[in-house]
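The values are calculated or read from the model by the stated rules, or taken from the named source; none is laboratory data. Values in this document were obtained by computation on a predicted structure and should not be read as measured data. In this analysis, Cβ positions are derived from the backbone assuming ideal geometry, glycine residues included, and neighbour counts consider all displayed protein chains. The accessibility values were calculated without ligands, DNA or RNA, using every heavy atom of the protein model including side chains. Shrake-Rupley method; radii C 1.70, N 1.55, O 1.52, S 1.80 Å.
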Amino acid sequence: MRSKTIRCPSSSALPAIILLSAAALLTGCVTPIPLAEEAPDLGYKATRPVVVTVVDERDVLAEGKPPTYIGLAHGVFGIPTDMQVYPWLVSDKAKKDQTLAQALEDRIVVGLGDEGWQVTAVDYSKPPGKDEAAALLAARGSDRLIVLSLTKWFVSINLNWVTAFNFDWGYRLEVLDAQGTSVASITDTGRDVVDEKASESPQNMIKMAYRERLIKILERPELRAAIQ
């Protein structure tokens, strides 16, 4: 484990220094991983067209955090600052306003599309009702809707040390058929402890942690059985 040498600044300069420190770590000599490489790859292929939606139901939204919030970065002297989707997850300035749900939808669609799936995404602010889901599927020419509802999705990383960071996650995964009836329902929560690499940027490590968790979610045997 190694630390960075830090000079003690005045308290009035801390906010600016924290932001500059984070920006330097993100945009240093390490190139951000492109979207295609951070998207999930699965070991199976759906046999029918699928629609995917990611719904953000995290408690932090009710507490006033924006839907772009993904966690805390501990900078100079361990002082925490909020992390947002851009630039910690999304590197493309054209997508800097993406919410966490939209960014994860993007990654799922790109990853599954590369595997030969017929998959499209739709944005919902809350899980659709039975009739709403049935109408959507009819309009999209599909008979399976995957609803991934996030109940927790939080990263806490220390920018002063190369050690490990915590990624707390929780979700409810549901598959609806052409009538809007649930044919699979999964609820899970946990923590991934991600070992950091001195050769990688915090941004890239967060991207890959998300990718690995999405793979585990989408590889659930209950989901696979429901769409094959």
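Numbers at a glance
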{"item": "THR187 of a type in the set (S, T, N, Q) and under 21 Å from the mean Cα position of the chain (by Cα)", "result": "yes"}
{"item": "Meets criteria (open to solvent by less than 10 Å² (accessible area, probe 1.4 Å) and either at pLDDT 95 or above or polar (S, T, N, Q) (or both)) for PHE165", "result": "yes"}
{"item": "Test: ASP131 is among the acidic types (Asp, Glu) and more than 22 Å from the chain's Cα centre (by Cα)", "result": "yes"}
{"item": "Among the candidates GLY180, GLY116, residue that is surrounded by fewer than 16 Cβ atoms within 10 Å (Cβ to Cβ) and out of contact with any Ser or Thr (no Cβ under 7 Å at 6 or more places or on another chain)", "result": "GLY116"}
{"item": "The one condition in (1) outside any helix (DSSP H, G or I); (2) in contact with a Lys or Arg (Cβ under 9 Å, 6 or more places away or on another chain); (3) under 24 Å from ILE70 (Cα atoms) that ASP123 fails to fulfil", "result": "(2)"}
{"item": "Condition met for ALA46 (under 15 Å from the mean Cα position of the chain (by Cα) and at pLDDT below 95)", "result": "no"}
{"item": "So ILE146, is it open to solvent by less than 60 Å² (accessible area, probe 1.4 Å), without any contact (Cβ under 8 Å) to a residue 40 or more places away in the chain and either within 25 Å of GLN228 (Cβ to Cβ) or in contact with a Lys or Arg (Cβ under 8 Å, 6 or more places away or on another chain) (or both)", "result": "no"}
{"item": "Filtered residues of segment 197-221 (kept if part of a loop (DSSP other than H, G, I, E, B), open to solvent by 30 Å² or more (accessible area, probe 1.4 Å) and not basic (Lys, Arg))", "result": "ALA198, SER199, GLU200, GLU219"}
